[in-house]
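Inspection log for the structure reproduced underneath, given as structure tokens.
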Amino acid sequence: MLSGSVWKLILLQKKMSPIKTELPKGQVMVTHVSLDPNTEDWKSHLSCLSIDEQKKVLQFHYEGDKLRFAKCRSVLRKIIGMWLNKPYSSLMFKFGKHGKPHLDHHTDIHFNISHTQGHAVLAFARDHEIGIDIENTQRDTDIDNVAQKVFTKKEQELLFQMDGENRKNLFFRLWTAKESFLKATGRGLTLNPQEIEAILPKYPTSNGTFLCNNLKGSELFFSIELTCQKPYTATLCAPSYLLSSPPLITNKI
Ligand SMILES: CC(C)(COP(=O)(O)OP(=O)(O)OC[C@H]1O[C@@H](n2cnc3c(N)ncnc32)[C@H](O)[C@@H]1OP(=O)(O)O)[C@@H](O)C(=O)NCCC(=O)NCCS
């Protein structure tokens, strides 16, 4: 189990910036949230949430799920509330046709959340939908079997050229890229992952692209891998104009 101080480093940046008083234009902001139900009580976040969110927290069976949902929503509310200069408890969220949450009334602020055991990442951008996905590569996964079900033929060819750790790393790079695209479009699994091809960049600091013939506007989306501490892999998906500067990685509020 990682200690609290190590968790802060999950998104490796030379220097983490403090959260800006306004969401920058033309850049994505990503915040890391550590989630440890052994050291933090989910109840401390309840007062920041709406009644519906509080009800949802109580419906989760496991403490870890209660903390994940309550803390992510509380951090989300605090950050957006600060930008809009509004009480965080007054913010209202709505859901897209396939469940993607968005802010009611303030359509220029977009966000997306992803979590894996112990960690969450929250991505924010102005004026355009974005998607983010983080995975723990140590997760117990039958890589070959899953790849045959969700990867395209080309992705599978690339994957099966690799062995051992390299195969696993590539699997999660492709997985998080595809998932970030599914989340940016808001379509989730209503889009067949085998109809989306993630074309990874030659260098992880460059942008990847996507091929998805069945979705108008899909060519707008690009991906960038976030530099994570092992064993995590995270990918952000956004239009190219939001990726011309590297994502701003911030401390949690
Ligand atoms: C729901 C889904 C969008 C992501 O789920 P996930 O991978 O289990 O979870 P993540 O932690 O990355 O994301 C969950 C968050 O995404 C957001 N979300 C929910 N529905 C969404 C949608 N349709 N689009 C974008 N974001 C969505 C929510 O904020 C949610 O967190 P919350 O419920 O705490 O608010 C969906 O894509 C899914 O079920 N994926 C399953 C994985 C899979 O098979 N992927 C194939 C990849 S090749």
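We did not get these values from a lab; they are worked out from the coordinates using the rules stated. Since the structure is predicted, the reported quantities are computational estimates derived from the model, not experimental observations. Neighbour counts are summed over all protein chains in view; Cβ atoms, including those assigned to glycine, are modelled from backbone coordinates with ideal geometry.
Pairs spanning more than 26 Å between alpha-carbon atoms, out of Lys78/Lys178; Lys56/Lys86; Lys100/Lys153; Lys20/Lys178; Lys149/Lys216; Lys94/Lys216: Lys78/Lys178; Lys100/Lys153; Lys20/Lys178. If you model the chain as an ellipsoid using its alpha carbon gyration tensor, with each semi-axis the square root of five times an eigenvalue, the axes come out at 29, 21, 18 Å, biggest first.
Label sites at Met162 and Phe93, each approximated as a point 7 angstrom past Cα along Cα to Cβ, lie 3.2 nm apart. Scanning the chain for long hydrophobic helices, with DSSP H runs required to stretch 27 angstrom or more by C-alpha along their axis and to average at least -0.5 on the Kyte-Doolittle scale, returns 63-84.
With both labels modelled 7 Å from their Cα along Cα-to-Cβ, the Ile199 to Ser50 distance reads 4.0 nm.
In the frame of its principal axes, segment 128-253 has Cα extents of 35, 35, 26 Å, reported largest first. Once every Cα of segment 33-180 carries one equal point scatterer and solvent is ignored, give the base-10 log of I(q)/I(0) from the Debye formula at q = 0.09, 0.20, 0.22 Å⁻¹, two decimals. Here log10 of I(q) over I(0) equals -0.37, -1.20, -1.33. I'd like the FRET efficiency for His61 and Asp36, computed as 1/(1 + (r/R0)^6) with the beta carbon distance as r and R0 of 22 Å, rounded to 0.05. The calculated FRET efficiency here is 0.75. Between Ser206 and Asn145, the simple label model (points 7 Å from Cα in the Cβ direction) yields a spacing of 3.6 nm. Here the peptides 91-100, 19-28, 236-245 are ranked by packing, the mean other Cβ count within 10 Å, and the order with the highest first is 236-245, 19-28, 91-100.
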